[in-house]
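Undergrad: Handing you this structure, nothing more for now.
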Amino acid sequence: MADQLHVPDKTVEGMMTAQLTSHDPATGDLVWQGTAGDVDAEVARARADWPLWVALPLAKRIDSLKRFAERLKADPEPMATLIARETGKPMWEAKAEVESVCAKVDISVKAYAERTAQRRSDGTMGTRTALRHKPHGVMAVLGPYNFPAHLPNGHIIPALLAGNAVVFKPSEKTPGVGQMLVDLLHAAGVPEGVVRILHGGPDQGRALVSHADVDGVLFTGSARTGIAINRSLAARPDKIVALEMGGNNPIVVWDTRDIASAATLVVQSAFMSAGQRCSNARRLIVRDTLAPALLDDIRKITDRLIVGAPFDDPQPFMGPVIDNETADGLMESFLYFLSSGAQSIRFMTRPDESRPFLTPGIVDVTTMAERPDIELFGPLLQVVRVSDFDQAIAEANATAYGLSAALIGGSPEDYDKFWANVRAGVINWNRPTNGASSSMPFGGVGLSGNHRPSAYYAADYCAYPVASTEAEVPRATIGIGLAQD
Ligand code: NAD
């Protein structure tokens with residue numbers, strides 16, 4: 001069935017005045033409509049107003065951002081409702097996203113002070129050395145659809161705090177939330193020219209990233225897009241580029257007596273947000289002797305998970321995926337596994353062919369000759385059975401990505417070995433692969449990022465360090481190597 005839920009990219013590309021729409025994945029109702037933005041105009045406006053923002057004392061910038069967080073905290077419902085409508089995620093989860101947006105300001109203020117602290121020390125003869133930081137200028141922020149407020153906000157707030165101006169291009173699948181975020185920043189006192197919104201799809205994204213007047217690119221999205229951005233900027237080493245990309249994340253279940261908790265942690269890791277978190281587990285690696293009991297419990301829990309619309313009562317565990325095209329792709333992937341040597345542990349189903357609701361799919365891929373190392377962004381879990389711990393670690397590392405990984409069970413020695421040998425930016429023990437803390441850095445290695453983790457470390461790339469040696473008056477002598485007068 002043709003995708004009714006989002007406008008294909010081609011309607012956005014090539015037409016600056018193209019109509020953009022977003023639809024509620026759960027109902028198909030229109031949520032937002034507008035037109036694609038003008039890249040040159042938005043960048044020019046941000047460039048023109050940036051000097052006013054950077055000239056403000058830091059305390060004034062903090063005031064505006066705190067006001068934004070306080071107002072949103074006092075009235076979170078409209079944003080949570082819009083997130084739920086535009087992404088299809090359950091209301092409880094949309095509310096949690098808004099809480100993260102509010103919390104970001106205080107965390108970023110702390111991170112800015114800590115990560116980009118000023119330092120001065122006195123030297124000899126009235127000299128001193130000073131370390132200070134300067135903003136880059138105009139930063140492009142490009143966001144994904146799965147956390148349409150929290151993730152771009154995680155780049156926008158640190159960038160503004162450091163004194164940059166921002167041109168934000170939200171995902172073309174969630175423009176309404178992006179618009180609301182920017183409107184709230186303006187209402188809280190961030191000047192309109194200092195944070196701009198640019199609506200559009202990949203065409204606008206490409207033009208923004210490579211715009212000569214953009215000094216940096218803060219991107220969250222797929223590895224495919226991140227690589228395209230990196231390639232397009234190969235001749236611009238002067239632009240700071242932070243890429244937060246996807247993962248093919250492993251969760252390893254080893255020796256544990258608490259199979260019920262292990263199963264719950266696997267289900268949370270794999271199916272939270274309908275599998276639409278970059279940190280969701282995609283691959284369950286399990287000790288073969290534990291597999292029958294664990295998979296039995298996982299099946300029982302997944303059978304009870306409520307898949308439903310955001311405002312359903314009782315609240316669903318997970319909503320639909322973002323659109324019909326995505327649901328089609330995931331169903332095709334599930335069938336691909338079955339036709340390529342995998343066994344179904346739990347069939348992925350689509351109860352209503354006209355809507356993108358999916359029930360969790362689980363496949364055992366142990367005997368598959370070649371397993372694809374791709375991120376399947378939805379509720380689809382692959383299971384690999386192994387007989388020893390070294391094999392489990394090798395399987396965990398059998399990916400070009402490296403975002404998150406978790407070990408469930410095992411001894412402290414097992415965890416030490418897991419931590420030391422698994423390549424990922426987030427490594428957890430007896431906790432899900434997802435649900436990262438904003439007060440920690442968040443990012444991955446391999447295809448998951450370019451070593452510029454976001455969250456607490458976003459401050460690092462929103463300003464650059466300037467080292468100075470200073471004296472109040474010029475005073476100098478040449479001690480050695482000077483001929484007599
Ligand atoms: P996407 O890569 O399709 O799009 C992200 C943004 O890039 C959108 O605004 C899009 O319009 C823009 N874009 C697309 N092509 C472009 C191009 N060639 N040049 C410039 N911009 C372009 O990602 P998505 O499907 O919206 O989001 C899901 C992906 O995001 C998943 O892969 C997920 O793992 C990843 N993600 C990563 C993190 C993280 O922190 N590492 C967090 C959330 C999501």
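Undergrad: Looking at Ala113, Ala48, Ala69, which one is without any contact (Cβ under 8 Å) to a residue 12 or more places away in the chain and surrounded by fewer than 24 Cβ atoms within 10 Å (Cβ to Cβ)? It would help to see each step written out before you state the result.
TA: Working: Ala48 fails: without any contact (Cβ under 8 Å) to a residue 12 or more places away in the chain; Ala69 fails: without any contact (Cβ under 8 Å) to a residue 12 or more places away in the chain.
Of the residues listed, the single one that is without any contact (Cβ under 8 Å) to a residue 12 or more places away in the chain and surrounded by fewer than 24 Cβ atoms within 10 Å (Cβ to Cβ) is Ala113.
Undergrad: Where the second residue is part of a strand (DSSP E or B) and more than 10 Å from the ligand (Cβ to nearest atom) and the first is under 12 Å from Ile322 (Cβ atoms) and lies in the stretch 272-288, which pairs have Cβ atoms under 6 Å and are six or more apart or on separate chains?
TA: Final answer for the pair search is Ala274/Met318.
Undergrad: Additional query: Mind checking whether some residue in the stretch 301-321 is among the acidic types (Asp, Glu) and more than 28 Å from Glu77 (Cα to Cα)? Show your work before the answer.
TA: If we filter the stretch 301-321 for residues that are among the acidic types (Asp, Glu), which is where we start, we get 303, 312-313.
When the remaining residues are screened for being more than 28 Å from Glu77 (Cα to Cα), the result is 303.
Among the residues of the stretch 301-321, at least one is among the acidic types (Asp, Glu) and more than 28 Å from Glu77 (Cα to Cα), which makes the answer yes.
Undergrad: Hey, another quick one. Report every pair of residues separated by at least 6 positions or lying on different chains whose Cβ atoms are under 8 Å apart, first residue within the stretch 343-356 and within 18 Å of Gly308 (Cα to Cα), second among the acidic types (Asp, Glu) and part of a loop (DSSP other than H, G, I, E, B).
TA: Taking only residues 6 or more apart or on different chains, the pairs are Pro356/Asp323.
Undergrad: Has the stretch 210-217 got at least one residue that is in the same structural domain as Leu82 (by TED's automatic domain parsing) and within 21 Å of Lys89 (Cβ to Cβ)? Give the derivation first.
TA: As a first pass, look at the stretch 210-217 and keep what is in the same structural domain as Leu82 (by TED's automatic domain parsing): 210-217.
Still in the list and also within 21 Å of Lys89 (Cβ to Cβ): none.
No, that holds for no residue.
Undergrad: With more than 22 Å from Glu86 (Cβ to Cβ) and either assigned by TED's automatic domain parsing to the domain that holds Asp328 or away from the ligand (no atom under 16 Å from the Cβ) (or both) as the only criterion, which of Phe347, Phe357, Phe377 stands out? Let's see the steps before the verdict.
TA: Details: Phe357 fails: more than 22 Å from Glu86 (Cβ to Cβ); Phe377 fails: more than 22 Å from Glu86 (Cβ to Cβ).
Answer to the selection: Phe347.
Undergrad: Pull up the stretch 228-262, narrow it to residues that are closer than 20 Å to Cys278 by Cα and among the small types (Gly, Ala, Ser), then point me to the one that is nearest to the chain's Cα centre (by Cα).
TA: For the stretch 228-262, the residue satisfying everything is Gly246.
Undergrad: Limited to the stretch 237-259, what total is found for residues that are in contact with a helix residue (DSSP H, G or I) (Cβ under 7 Å, 6 or more places away or on another chain) and either in a strand (DSSP E or B) or of a type in the set (Lys, Arg) (or both)? Steps first, please.
TA: Here is the first cut: in the stretch 237-259, the ones in contact with a helix residue (DSSP H, G or I) (Cβ under 7 Å, 6 or more places away or on another chain) are 240-243, 245-247, 250-254, 256, 259.
Okay, now just the ones that are also either in a strand (DSSP E or B) or of a type in the set (Lys, Arg) (or both), so 240-243, 250-253.
Residues flagged as in contact with a helix residue (DSSP H, G or I) (Cβ under 7 Å, 6 or more places away or on another chain) and either in a strand (DSSP E or B) or of a type in the set (Lys, Arg) (or both) within the stretch 237-259 amount to 8.
Undergrad: Sticking with this structure for a sec: Given the residues Ala36, Ala26, Ala74, Ala69, which is the only one that is within 26 Å of the chain's Cα centre (by Cα), within 24 Å of Gly329 (Cβ to Cβ) and modelled with pLDDT of 95 or more?
TA: Numbers: Ala36 fails: within 24 Å of Gly329 (Cβ to Cβ); Ala74 fails: within 24 Å of Gly329 (Cβ to Cβ); Ala69 fails: within 24 Å of Gly329 (Cβ to Cβ).
Unique residue meeting the criteria: Ala26.
Undergrad: Out of the residues in the stretch 436-462 meeting the condition of being aliphatic (A, V, I, L, M) and within 12 Å of the ligand (Cβ to nearest atom), tell me which one is farthest from Val109 (Cα to Cα). Lay out the reasoning, then the answer.
TA: Taking the stretch 436-462 first, the residues aliphatic (A, V, I, L, M) are 436, 440, 445, 447, 455, 458-459.
Imposing the further condition that a residue be within 12 Å of the ligand (Cβ to nearest atom) reduces the set to 436, 445, 447, 455, 458.
Details: Ala436: 19, Val445: 26, Leu447: 29, Ala455: 12, Ala458: 11 Å.
That would be Leu447.
Undergrad: Kindly evaluate Pro465 against the criterion of being within 13 Å of the ligand (Cβ to nearest atom), out of contact with any helix residue (DSSP H, G or I) (no Cβ under 8 Å at 6 or more places or on another chain) and under 30 Å from Asp215 (Cβ atoms). Show your work before the answer.
TA: Numbers: within 13 Å of the ligand (Cβ to nearest atom): no; out of contact with any helix residue (DSSP H, G or I) (no Cβ under 8 Å at 6 or more places or on another chain): yes; under 30 Å from Asp215 (Cβ atoms): yes.
No: the conditions fail for Pro465.
Undergrad: Just checking, how many residues over the stretch 125-152 are part of a strand (DSSP E or B) and either more than 29 Å from Met91 (Cα to Cα) or touching a Gly at 6+ places or on another chain (Cβ under 8 Å) (or both)?
TA: First pass over the stretch 125-152, keeping only residues part of a strand (DSSP E or B): 127-135, 138-142.
So of that shortlist, the ones also either more than 29 Å from Met91 (Cα to Cα) or touching a Gly at 6+ places or on another chain (Cβ under 8 Å) (or both) come out as 127-135, 138-140, 142.
Number of matching residues: 13.
Undergrad: Still on this structure, I have one more. Go through the stretch 16-47 and count every residue that is part of a loop (DSSP other than H, G, I, E, B) and either over 30 Å from Gly308 (Cβ atoms) or not β-branched (Val, Ile, Thr) (or both).
TA: Step one: of the stretch 16-47, the residues part of a loop (DSSP other than H, G, I, E, B) are 16-18, 24-29, 36-38.
Those left that are additionally either over 30 Å from Gly308 (Cβ atoms) or not β-branched (Val, Ile, Thr) (or both): 16-18, 24-26, 28-29, 36-38.
The qualifying residues number 11.
Undergrad: Exactly one condition in (1) over 30 Å from Ser354 (Cβ atoms); (2) at pLDDT 95 or above is not met by Thr17; state its number.
TA: Of (1) over 30 Å from Ser354 (Cβ atoms); (2) at pLDDT 95 or above, only one is false for Thr17: (2).
The values are calculated or read from the model by the stated rules, or taken from the named source; none is laboratory data. Keep in mind it's a predicted model, so treat the numbers as computed, not measured. Heads up, the Cβs are rebuilt from the backbone with ideal geometry, glycines too, and the neighbour counts pull from every protein chain shown.
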